[in-house]
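Beneath this line is the structure, given in structure tokens, with notes to follow.
The values are calculated or read from the model by the stated rules, or taken from the named source; none is laboratory data. Keep in mind the model is a prediction, meaning the values are calculated, not measured. Ideal geometry is used to build each Cβ from the backbone, glycine not excepted, and the neighbour counts take in all protein chains shown. Ligands, DNA and RNA are stripped out before the accessible areas are found, and what is left, the full protein with its side chains, is counted by its heavy atoms. Shrake-Rupley method; radii C 1.70, N 1.55, O 1.52, S 1.80 Å.
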Amino acid sequence: MYILGGAQTDFAVNWHRAGLGFDALIGGVLDQALEAAGLAASAIEVIHVGNAFGQLFTGQGHLGGMPATVHPGLWGVPAARHEAACASGSMAALAAMADLESGRYDCALVLGAELEKTVPGAQAAAYMGAAAWAGHEAEGTDLVWPTQFAAIACEYDRRYGLDPAHLRAISELNITNARLNPYAQTRDWTYTDDSFTDDDAANPPVVGKLRRQDCSQMTDGAAAVILVSDRFLKQHSDFRTSDTAVISGWGHRTVGLPLDAKFRASAEDPYVFPHVRTAVLDALTRAGLPDIHQLDGVDVHDCFSMSEYVAIDHLGLTAPGESWKAVESGTIARDGSLPINPGGGLIGIGHPVGATGVRMLLDAYKQVTGRAGDYQLPDVTRYGTVNIGGSTTTVASFVVESVAD
């Protein structure tokens, strides 16, 4: 499957405050994606939309119908919405890939969108708790996900030892990377020297080992990519090879909702979340790669600094429980041997939940085609993504490569 191009909105924009809804959000990114890919709407044969919490935050469901609502050229085009919490966008991409691989269609629009700033922060956090096992875990708190990822931090500490200073370092690195990204929510935010320390005033505790800067923010935003088959490219020789990227590998795993059940299932395994490791290996194997070191960069799911800490060892950058080594050595920095989140990740760029998986694919495309602007890494030919939903209940991983001339 090939990526022709795509677009994202500015994740710093508060669409609700501007008096705008899903129609404006989706309409804007849709037009930009078509322009970036050099396509008319009439070329789109199928649409897949990723969205997690539309009904809760806005009362609006049935978002598969929104592209045709805002763009007359898409009237009559088959469309569907996909939900898998924070991995919703990746599920939309996988569904589009299956459509193209089957031969049913040859050109797909994949779009992820979320509006989260329609309610106060505490209410927004409570809404997002719907992605856990409602009524069965994280009871008695509106801070469901800080509570869940604080529990993951405690499990790592119990199994291997965990220094929270390494979590602070991940947050600081991603915020610093986001300064280079013109779409990043935090690009102009102000921090002090104490913002990434254990100073209770500058970086207040949230839950357990997690502090304010360990957490991604509520974000409004959308991202879109155009996927096409090799059949499409053969029929449209006017598209330059240098403008396309190929999705050479993918992995997708799903386990049960409860976090405690995940801990019990992995009690005898070296990895806390072996299915995350397997999803990554699936993507690498399908891409014909022996290990993660064949990639030139990776975007991982840092909804919290702890989730990036999990990603580091599950990628295979370190032995299980030793993610701190990649943090201390600079391996994951922009000039390291495997940069992670060079555009800022979720902590720096923002996390409009349904859009995140699509935004990761878009940034992978940008990196391998040299279109990432100020946050471009040098000499990138292969790039990976790891996108999770819930407490790693759903995992998706992709490998994206440049196309040789």
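The table for this structure:
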read-out: Over the chain: helical MRE at 222 nm, DSSP H runs n ≥ 4 each giving -39500 (n - 2.57), nearest 500; value: -10500 deg cm²/dmol
read-out: For the stretch 259-405, size of Cβ-based charge dipole, Lys and Arg +1, Asp and Glu -1, in debye; value: 320
read-out: Computed magnitude of the charge dipole of the stretch 166-216 (debye, nearest 20; Cβ of K, R +1, Cβ of D, E -1); value: 240
read-out: Derived scalar couplings ³J(HN,Hα) [the stretch 334-342; Karplus, 6.51 cos²θ - 1.76 cosθ + 1.60; whole Hz; x for Gly, Pro]; value: 4, 9, x, 6, 9, x, 10, 6, x
read-out: Accessible surface, the chain, averaged per residue in Å² (probe 1.4 Å); value: 37
read-out: Whole-number Å³ per residue for the convex hull built on Cα positions in the stretch 256-317; value: 99
read-out: Euclidean distance between Cα centres, the stretch 270-322 to the stretch 137-161, Å; value: 20
read-out: Pairs of lysine residues in the chain - Cα separation under 28 Å, sequence separation of 8 or more or cross-chain; value: 6
read-out: Per-residue ³J(HN,Hα) for the stretch 286-299, Karplus 6.51 cos²θ - 1.76 cosθ + 1.60, θ = phi - 60°, Hz, x for Gly and Pro; value: 5, 7, x, 10, x, 6, 5, 6, 7, 8, 9, x, 8, 9
read-out: P(r) weight above 19 Å for the stretch 221-305, C-alpha pairs, percent; value: 60
read-out: Residues whose placed amide H lies under 5 Å from that of Arg211, excluding near-sequence neighbours; value: Val206
read-out: Karplus 3J(HN,Hα) series, Hz, for the stretch 366-376 with 6.51 cos²θ - 1.76 cosθ + 1.60 (x for Gly, Pro); value: 4, 5, 7, 10, x, 10, 8, x, 5, 9, 5
read-out: Selection from Trp189, Ala132, Ala151, by position along the positive dipole direction of the stretch 113-194 (Cβ); value: Trp189
read-out: Overall Cα dimensions of the stretch 258-405, principal axis frame, Å, largest first; value: 47, 32, 31
read-out: Alpha carbon convex hull of the stretch 56-138, volume per residue in cubic angstrom; value: 111
read-out: Viscosity 1.002 mPa s, 20 °C: Kirkwood-radius Stokes-Einstein D of the stretch 366-405 over Cα pairs, µm²/s; value: 185
read-out: Dipole in debye (nearest 20) - the chain, about Cα centre, beta carbon charges: Lys, Arg +1; Asp, Glu -1; value: 580
read-out: Peptide ranges 265-276, 392-403 listed from the most packed, as the mean C-beta count within 10 angstrom indicates; value: 392-403, 265-276
read-out: For peptides 151-162, 353-364, 100-111, sequence by mean Cβ density within 10 Å, most packed first; value: 353-364, 100-111, 151-162
read-out: Three principal axis lengths of the stretch 2-130 [C-alpha, angstrom, descending]; value: 45, 27, 23
read-out: Mean shadow area of the chain over all directions, Cα convex hull, nm²; value: 18.2
read-out: Nearest-ten-degree value, helix 144-159 long axis tilted from longest Cα axis of the chain; value: 60
read-out: The chain - share of DSSP beta bridges that are antiparallel (%, nearest 5); value: 70
read-out: Dipole of the stretch 286-361 [Lys/Arg +1, Asp/Glu -1 at C-beta], most positive-end residue of Pro320, Gly357, Val298; value: Gly357
